[in-house]
Amino acid sequence: MVARHFRTKTCDMPVRVFPLLYLTLAFVTLIGIFQSGAQSLSLAMGLSGGYAPVLNYGTAREAGAEIAIFGDIEYARAIARLQFTDVLAGTVDNDKLESGYAIHGSLGYKVPVSAQVFVPVMLTGGAGFVRYHSGFGSGGNTYFDASPQIGLTISPCWNLSESLVLQLAARYIHGFAAGVGSYPVIMSDVMIGIRYSLL
């Protein structure tokens with residue numbers, strides 16, 4: 001990787017914690033707003049993990065494991081999803097990468113397959129974020145880059161009970177350079193998780 005973008009000396013932990021707090025606050029707020037429409041509206045949150053065979057940044061071509069927290073809002077056959085995905089940097093074979101994460105929103109349609117199975121097909125948009133250093137080993141300057149992204153998510157779901165759903169998700173997310181000195185973040189992943197209905 002070539003280090004050309006934003007330099008930062010801040011701790012990485014607040015950068016990761018803030019999106020998680022934002023997601024939690026957003027869904028707690030939605031519970032209160034939509035509680036009166038619970039009969040027609042479904043609100044759920046879940047956790048998932050998986051593998052990304054494509055994690056590209058600039059000239060770097062990597063792969064690694066991921067974990068994610070997500071929330072779904074469903075109305076009839078329409079579905080919207082908000083997801084925070086964290087790349088486990090220790091699983092990526094690149095000692096310059098310090099952290100990588102993405103925040104995406106998706107909107108689409110649930111294709112019914114059977115009484116227990118449905119498959120959401122969604123357009124996805126958001127941004128990928130990369131924190132890395134320019135030197136050898138753990139030395140050098142630390143940089144931060146962000147890449148706007150758009151892609152497709154296909155997410156087969158199995159109803160295990162009225163409240164629990166087993167979910168798979170296959171995504172391809174294409175990134176774009178945010179400006180001069182920035183590089184696109186391109187990712188493709190497969191994840192499996194459990195979601196729990198709040199409404």
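The values are calculated or read from the model by the stated rules, or taken from the named source; none is laboratory data. Remember, it's a predicted structure, so these values are computed and weren't measured experimentally. Every residue, glycine among them, receives a Cβ derived from its backbone with ideal geometry; neighbour counts consider all protein chains shown.
Observations
- Filter result for Gly193 (surrounded by 19 or more Cβ atoms within 10 Å (Cβ to Cβ), touching a helix residue (DSSP H, G or I) at 6+ places or on another chain (Cβ under 7 Å) and touching a residue at least 24 places away in the same chain (Cβ under 8 Å)): no
- For the stretch 83-90, the criterion of being in a helix (DSSP H, G or I), modelled with pLDDT under 95, touching a strand residue (DSSP E or B) at 6+ places or on another chain (Cβ under 8 Å) and closer than 20 Å to Tyr57 by Cβ is met by at least one residue.
- Boolean, Asp72 is part of a strand (DSSP E or B), modelled with pLDDT of 90 or more, out of contact with any Asp or Glu (no Cβ under 8 Å at 6 or more places or on another chain) and farther than 30 Å from Leu41 by Cα: no
- Just so you know, in the stretch 100-136 the residues that are among the β-branched types (Val, Ile, Thr) and in contact with a Cys (Cβ under 9 Å, 6 or more places away or on another chain) include one that is surrounded by the fewest Cβ atoms within 10 Å (Cβ to Cβ), and it is Val117.
- Some residue of the stretch 91-99 being surrounded by 19 or more Cβ atoms within 10 Å (Cβ to Cβ), touching a helix residue (DSSP H, G or I) at 6+ places or on another chain (Cβ under 7 Å) and part of a strand (DSSP E or B): yes
- Options Phe84, Phe118; residue that is touching a helix residue (DSSP H, G or I) at 6+ places or on another chain (Cβ under 8 Å) and of a type in the set (Phe, Trp, Tyr): Phe84
- Flag if Gly105 is assigned to a strand (DSSP E or B), closer than 22 Å to Leu43 by Cα and of a type outside the set (Phe, Trp, Tyr): yes
- Enumeration of residues in the stretch 51-85 that are crowded, with 18+ Cβ neighbours inside 10 Å, touching a Gly at 6+ places or on another chain (Cβ under 9 Å) and within 20 Å of Leu123 (Cα to Cα): Ala52, Leu55, Ala68, Ile69, Phe70, Gly71, Asp72, Ile79, Arg81, Leu82, Gln83, Thr85
- Residue, nearest to Ser48 (Cα to Cα), within the stretch 72-99, restricted to residues that are in contact with a Lys or Arg (Cβ under 7 Å, 6 or more places away or on another chain) and in contact (Cβ under 8 Å) with a residue 40 or more places away in the chain: Asp86
- For the condition at pLDDT 95 or above, in contact with a Leu (Cβ under 8 Å, 6 or more places away or on another chain) and in a strand (DSSP E or B), Leu152 qualifies.
- Filter result for the condition that a residue is more than 18 Å from Ala68 (Cβ to Cβ) and touching a His at 6+ places or on another chain (Cβ under 8 Å), over Phe176, Phe118, Phe144: Phe144
- Residue count, the stretch 129-146 (criterion: at pLDDT below 85 and either among the acidic types (Asp, Glu) or outside any strand (DSSP E or B) (or both)): 8
- Of the residues making up the stretch 146-166, none is surrounded by fewer than 19 Cβ atoms within 10 Å (Cβ to Cβ), more than 21 Å from Tyr196 (Cβ to Cβ) and among the aromatic types (Phe, Trp, Tyr).
- Cβ-Cβ contacts under 6 Å between residues 6 or more apart (or on different chains), taken from a first residue in the stretch 100-117 that is under 26 Å from Ala63 (Cα atoms) to a second residue that is among the acidic types (Asp, Glu) and surrounded by 13 or more Cβ atoms within 10 Å (Cβ to Cβ), are listed as Tyr101/Asp86.
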